[in-house]
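Data block below; observations after.
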Amino acid sequence: MIGSDLIKTVRGKMKIVEEPNTFGLNNQLLSQNSRLQAKISPSPVSGPPHLHRLAGKCFNYIEATYKYVFCPFHNVTQHEQSFRWNAYSGILGIWQEWEIQNNTFTGMWMREGDSCGNKNRQTKVLLVCGNSSKLVSVSEPQTCVYSLTFETPLVCHSHSLLVYPVLSEALQKEWDEIAQARYEDLITEQGYNKLLRELFEEAGLLRKAQQPKAEKSATPLTHKSLEQCTQDFEKQRAEIERLQSLLTQHNISYQTTTGETRVHFTRAHQKSPQMTECIKSNLC
C-alpha cells in the first residue's frame, strides 16, 4: 500500500517537456535579424542607377568564427558562428551616404550601428571591379570602424562611379557655375568644397549634417523696468551713431530712420560682369 502511494506521488510530480530545445545550434532557428534593433532607418537608395539593382540583396562573408552580411543600401551585420547560447549578433552600420572624392564615388558609409563604448559602430564599403558580386574581405582598421571590400562587375567600367552623370541637369548646371567661380578666384577652395557638399546633399548623395541647437540668448528679450529699457535704448542709439560715423568716414551711403538717404560716395564702384553673376548665383 505504501509502495502504491509513493508511485502515485512521484508520478504526480513528473512533467514531460515537449518544446524544442533552443540552446546551442538550435537557437539558429530564430531569425538572427529579428533580434537586431536598428537605431535609425536607412537612407534612400541613391548613387549610380546601375547599382540600384543591388538593393534588396545580401552578400555573406565568413572569416574565422564570424559571418558578415552586407545588404547594399540597407546595413552591415556581424554574426558569431558559435555553439554558445548567447552567440553575438550585431549591426556594424546602417546605410547613410556615399563617400565622394574627385568627382568619384569611392565608398558607401554605413553608420549608427550598435554601441561600442561611447560611440557607435560604422563601416565603409569599398566597391572594386570583379567577375561576380561578392564580399572578399573584412577588416577593422580602427576600433569599431570596419572596412569591407565588395567586388562587382557593375563598377568595372571607367565611368561607372563618376558623380557628375548621376546628377540632374539643373544640379549639373549649378556645379558648372560653382566650378567657374572657383576658376575665376571668385570663391576660395574652402567655399567651393562647402557649396559642392551642399549640392551633393541636395542630390541625396550625402546626408545633411544636423544643425546644432541654437543657444538661448543670455540677454533677456524684455525689460523689467522703464529705467532698464531707457538704458538699453541709449546704448543702442550710441552704437548706431558710432556705426554711422564709420560709414561717413569711409564714404559709404546709408539710410536714416526717417528714410533719408545720405550719399558720401566720392568715386564710382563698378562690379565686373563675372562678379555680378557670382553674386546672382550666391557663389561669393
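Scanning segment 63-86 for residues that are of a type in the set (Val, Ile, Thr), over 18 Å from the mean Cα position of the chain (by Cα) and surrounded by 13 or more Cβ atoms within 10 Å (Cβ to Cβ) yields a total of 2. If only residues of segment 116-128 that are assigned to a strand (DSSP E or B) and surrounded by 13 or more Cβ atoms within 10 Å (Cβ to Cβ) are counted, the one that is modelled with the lowest pLDDT is CYS116. Scanning segment 39-62 for residues that are surrounded by 14 or more Cβ atoms within 10 Å (Cβ to Cβ), in contact (Cβ under 8 Å) with a residue 60 or more places away in the chain and within 22 Å of ASN120 (Cβ to Cβ) gives SER43, SER46, TYR61.
Remark: pairs (first residue in segment 196-209, under 19 Å from LEU161 (Cβ atoms); second residue in a loop (DSSP other than H, G, I, E, B) and aliphatic (A, V, I, L, M); Cβ separation under 6 Å; 6+ apart in sequence or on different chains) = PHE200/LEU206; ALA203/LEU167. All of (1) modelled with pLDDT under 75; (2) exposed (fewer than 10 other Cβ atoms within 10 Å of the Cβ); (3) acidic (Asp, Glu) hold for ASP185 with one exception: (1). Criterion applied to LEU205, LEU195 was being in a helix (DSSP H, G or I) and either within 29 Å of ALA181 (Cβ to Cβ) or modelled with pLDDT under 70 (or both), and the one residue passing it is LEU195.
For segment 91-107, state whether one or more residues are of a type in the set (Gly, Ala, Ser), at pLDDT 95 or above and not in a strand (DSSP E or B). No: zero hits. Please specify each residue of segment 153-173 satisfying the condition of being surrounded by 14 or more Cβ atoms within 10 Å (Cβ to Cβ), touching a residue at least 40 places away in the same chain (Cβ under 8 Å) and outside any loop (DSSP other than H, G, I, E, B). Once the filter is applied, which keeps residues that are surrounded by 14 or more Cβ atoms within 10 Å (Cβ to Cβ), touching a residue at least 40 places away in the same chain (Cβ under 8 Å) and outside any loop (DSSP other than H, G, I, E, B), segment 153-173 yields LEU154, VAL155, LEU162, VAL166. Selection of first residues in segment 125-140 that are more than 15 Å from GLY93 (Cβ to Cβ) and touching a residue at least 60 places away in the same chain (Cβ under 8 Å) and of second residues that are among the small types (Gly, Ala, Ser) and in a loop (DSSP other than H, G, I, E, B), restricted to Cβ pairs under 7 Å at least 6 apart or on distinct chains, gives an empty result.
Working only within segment 126-152, note down all residues that are touching a Gly at 6+ places or on another chain (Cβ under 8 Å) and under 16 Å from PHE105 (Cβ atoms). Matches in segment 126-152: LEU126, LEU127, GLU151, THR152. Would you confirm whether or not segment 14-33 contains a residue that is modelled with pLDDT under 50, crowded, with 16+ Cβ neighbours inside 10 Å and over 21 Å from GLN122 (Cβ atoms)? Scanning segment 14-33, I find at least one residue that is modelled with pLDDT under 50, crowded, with 16+ Cβ neighbours inside 10 Å and over 21 Å from GLN122 (Cβ atoms), so the answer is yes.
The values are calculated or read from the model by the stated rules, or taken from the named source; none is laboratory data. The shown structure was predicted, so the numbers you read here are calculated from the model rather than taken from an experiment. No Cβ is skipped: glycine too gets one built from the backbone with ideal geometry, and neighbour counts run over all protein chains shown.
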